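Below you'll find the structure, written out as structure tokens, and then a few comments.
Nothing in this text is a laboratory measurement; each read-out follows from the coordinates by a stated rule. As the structure is a prediction and not an experimental result, all values here were calculated from the model. Positions of Cβ are generated from backbone atoms using ideal geometry, with glycine treated the same way; all protein chains shown enter the neighbour counts.
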Amino acid sequence: MRLDLVIKNEGDSSLKVLKSAPIFEEMGFDGLWLTDHVVGIPAYSMYGGYWLEILTTMSYLAATTRRIRIGTGVLVLPYRDPVLTAKMLATIDVLSNGRVDFGIGTGWALDEFQALGVETKFEGRGGVTDEALDVMLKCWQGGHFDFDGRWSKFPEVEFAPTPVQKPRIPIWVGARGTAPAPLRRAARYADMWHPVGLTPDELKAGGERLDEIANRNVPRSIRIAFKAGTAPREAVDRLAAFRDVGCIQAAVEFRTRSHAEFVSSAERLMGAAEQLHIRL
């Protein structure tokens, strides 16, 4: 099982945590993931208003690490122009020598859509997301093309450079649960299905439905959060349960307040994982 770490780009300790990226790379984590919010939402108390922008922060991580992969977990596509986003991600992929994983989602916070001036895209955000992916895939093919969609219309342009990774930057389709629309999106676009908030049995059943819809085997992953103080053995046992139902990657989030607590949690988890052979 590939073991990745959700690194903090929010809150008071985020800057110190991000500067510790080389430490997490040295520990042996396979990937670092960032979360996408732009402003704080008072009604959602888990996070505050201190957010380092996700794509800018990816560039920083690319510059301060050597081998570890860097992912968006997940980028809210309806917030952003797809051509510019394709350009930014292609640039990071080139500068990092092909280390980008592109997790995507539709978003859920109406307040944030309003703050970003894209409230009109909220109700139809599923369709906006699908069309944005179509635009980005055209961009990453490179060369000359035009586009005539509902949300994006432009005459012939030329796009270069294309990503280092071929045929494209891997697309990880995020989901909260196993609702039909996200499963259809994953069936159409996903190189990896990347849900959150599922039990192992739910992930297994959802993955089987996804494979039927897609008429192919779609690799499965999980984003999983651990509270501060969770025993490493307990965390590893939970990860092993996902591995045993076919999950090939986990993005682990530690809900800690301090930099020291975050680094310690990551170190203890990696030690327990190696000892119990969670990593295959």
On a 0 to 90 degree scale, rounded to 10, what angle separates helix 200-214 from the longest Cα axis of the chain? 20
Anisotropy class of the range 40-100 from Cα gyration tensor, a/c 1.5 cut: oblate
Stretchable slack from SER258 to LEU137, in nm (0.36 nm times residue separation minus alpha-carbon distance): 39.7 nm
Where does helix 232-243 land angle-wise versus the long Cα axis of the chain, in degrees 0 to 90, nearest 10? 40
For the PHE145, GLU123 Cβ pair and Förster radius 35 Å, calculated FRET efficiency rounded to 0.05 is 0.75
Can you compute the FRET efficiency between LEU110 and LYS153 using 1/(1 + (r/R0)^6), with r the Cβ-Cβ distance and R0 = 41 Å? Round to the nearest 0.05. 0.95
Quick one: Cα convex hull volume of the chain, Å³ per residue? 123
Could I have the simple spin-label model distance between ASP191 and TYR60, label points 7 Å from Cα toward Cβ, reported in nm to one decimal? 2.5
Contour minus Cα-Cα distance for TYR44 and ASP237 (0.36 nm per residue): 66.5 nm
Go through 140-149, 238-247 and give me the packing order, highest mean Cβ count within 10 Å leading. 238-247, 140-149
How charged is the neighbourhood of ILE224? Take every other residue with its Cβ under 10 Å from the Cβ of ILE224, and add Lys/Arg as +1 and Asp/Glu as -1. +1
So what's the angle, to the nearest 10 degrees on a 0 to 90 scale, between helix 180-189 and the longest Cα principal axis of the chain? 80
Normalised contact order of the chain, rounded percent, pairs of Cα under 8 Å and 6 or more residues apart: 18
